[in-house]
Amino acid sequence: MTRHFLRDDDLSPKEQAEVLELAAQLKKDPYSSQVFAGPKTVALIFDKTSTRTRVSFAVGVSDLGGVPLIMDSGTSQLGGKESVADTAKVLERQVAAIVWRTFAQSGLEEMAANSRVPVINSLSDEFHPCQLLADLMTIREKIGDPSGKVLAYLGDASNNMCHSYMLAGVTAGMKVRVAGPAGYQPNQKVYRKAEEIALQTGGSIDIYTDPKLALVDSDVVATDTWISMGQEAEKAQKVKEFAGFTLDSELMSIARPEAIVLHCLPAYRGYEISAEVLDGPQSVVWDQAENRLHAQKALMVWLAERSKA
Ligand code: CP
Ligand code: NVA
């Protein structure tokens, strides 16, 4: 059966740990898997802009012996010209995997439903699960087993990163606390799913509107842009509504003194995070960005192996 990775909870706690262990091995020995030898081609489709995801998937596919084919909806028939289902039926006969950054999660579901090769969500409006594999890998490297550790996410609690922190965090057994202004709270279905996973793993999920409450005793502090791709017109309004949510030294002083700071990047210094914190000693964002490469290679190897007929 073909395995896809469309949202963080597509991997069970055991499977997530397997992918993260493989990621650590591939970081040590980058060419040890040649799963795409042939070379096989992997389609990387971008409906939104990207630096890290584009580079890390392209490099990752090459490292694994394959060829990355970078596509976008503007120069292909995707994006209203041809259906997602018909696109999937064309691609699955020629590529080894489909990696897609898009808007609606439903598009990814339709792609996966029509594809016999793995489909990977490389960011949608609802989730950014590949980013969370890199984040958890970074947490393991810096502070060890994430299980039982407190992860605080501040900012837009209704966005893709927050939803992924909730699902992937509790899958790893973390105590996840998210804080966003009223009106920017998580999707209720995602919240309920995170609660259900937390019951199995010993993790927990708590939602706040006061960032200070979320930060108490935190081991990991994460934030993300207040203005996600596609929301540019809302910038002036959101900047007003997010007053008090800038992750600066004062807020960081509430976290544990040895807490690490994560940001998926790109960062907007002076808005969701101060320059002092992003560029300061607790920040591990450059290792986090590098780990996209290792974590996604592990994911591609894992999915390819599990999807063999
Ligand atoms: N963090 C992340 O996904 O970065 P890009 O948008 O540059 O790919
Ligand atoms: N929430 C951000 C993440 C960017 C990697 C966005 O969707 O634009």
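Quick look at the values:
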read-out	value
Checking residue 223 against (1) within 16 Å of ligand 1 (Cβ to nearest atom); (2) touching a residue at least 12 places away in the same chain (Cβ under 8 Å); (3) out of contact with any helix residue (DSSP H, G or I) (no Cβ under 9 Å at 6 or more places or on another chain), the condition it does not meet	(3)
Among the candidates 190, 170, residue that is under 18 Å from the mean Cα position of the chain (by Cα) and under 22 Å from residue 20 (Cα atoms)	170
Output for the range 47-57, where each listed residue is within 11 Å of ligand 1 (Cβ to nearest atom) and either at pLDDT below 95 or not small (Gly, Ala, Ser) (or both)	48, 49, 51, 52, 53, 54, 55, 57
Single residue of 152, 182 found to be away from ligand 2 (no atom under 14 Å from the Cβ), farther than 17 Å from residue 130 by Cβ and more than 17 Å from the chain's Cα centre (by Cα)	182
Boolean, residue 171 is away from ligand 2 (no atom under 15 Å from the Cβ), in contact with an Asp or Glu (Cβ under 7 Å, 6 or more places away or on another chain), in contact (Cβ under 8 Å) with a residue 60 or more places away in the chain and more than 11 Å from residue 152 (Cα to Cα)	yes
Criterion violated by residue 123 - all others in (1) of a type in the set (A, V, I, L, M); (2) over 14 Å from the mean Cα position of the chain (by Cα); (3) within 16 Å of ligand 1 (Cβ to nearest atom) satisfied	(2)
Positions within the range 58-105 being more than 27 Å from residue 159 (Cα to Cα), surrounded by fewer than 17 Cβ atoms within 10 Å (Cβ to Cβ), of a type in the set (Val, Ile, Thr) and modelled with pLDDT of 95 or more, in sequence order	59, 67, 90
Check on residue 80, more than 19 Å from residue 5 (Cα to Cα) and out of contact with any Phe, Trp or Tyr (no Cβ under 6 Å at 6 or more places or on another chain)	yes
Selected residue (only one of 233, 243 is over 25 Å from residue 16 (Cβ atoms) and within 16 Å of ligand 2 (Cβ to nearest atom))	233
Condition check for residue 134: in contact (Cβ under 8 Å) with a residue 12 or more places away in the chain, within 16 Å of ligand 1 (Cβ to nearest atom) and buried (at least 24 other Cβ atoms within 10 Å of the Cβ)	yes
Which numbered condition residue 300 misses (of (1) more than 29 Å from residue 65 (Cα to Cα); (2) surrounded by 22 or more Cβ atoms within 10 Å (Cβ to Cβ))	(1)
Test set (1) more than 16 Å from ligand 1 (Cβ to nearest atom); (2) touching a helix residue (DSSP H, G or I) at 6+ places or on another chain (Cβ under 8 Å) - residue 261 fails condition number	(1)
Those residues of the range 41-74 which are of a type in the set (D, E, K, R), closer than 21 Å to residue 290 by Cα and over 16 Å from the mean Cα position of the chain (by Cα), in sequence order	63
Residues of the range 197-225 classified as more than 16 Å from ligand 2 (Cβ to nearest atom), more than 28 Å from residue 14 (Cβ to Cβ) and part of a strand (DSSP E or B), total	1
Number of the exception - residue 26 against (1) within 15 Å of ligand 1 (Cβ to nearest atom); (2) of a type outside the set (Ser, Thr, Tyr); (3) touching an Asp or Glu at 6+ places or on another chain (Cβ under 9 Å)	(1)
Check on residue 165, within 16 Å of ligand 1 (Cβ to nearest atom) and within 18 Å of residue 255 (Cβ to Cβ)	yes
Which listed residue, of 123, 69, 91, is hydrophobic (A, V, I, L, M, F, W, C) and within 19 Å of residue 190 (Cα to Cα)	123
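The values are calculated or read from the model by the stated rules, or taken from the named source; none is laboratory data. Quick caveat, the model's predicted, so the values are computed rather than measured. Quick reminder, even Gly has a Cβ in these numbers, built from the backbone with ideal geometry, and neighbours come from all protein chains shown.
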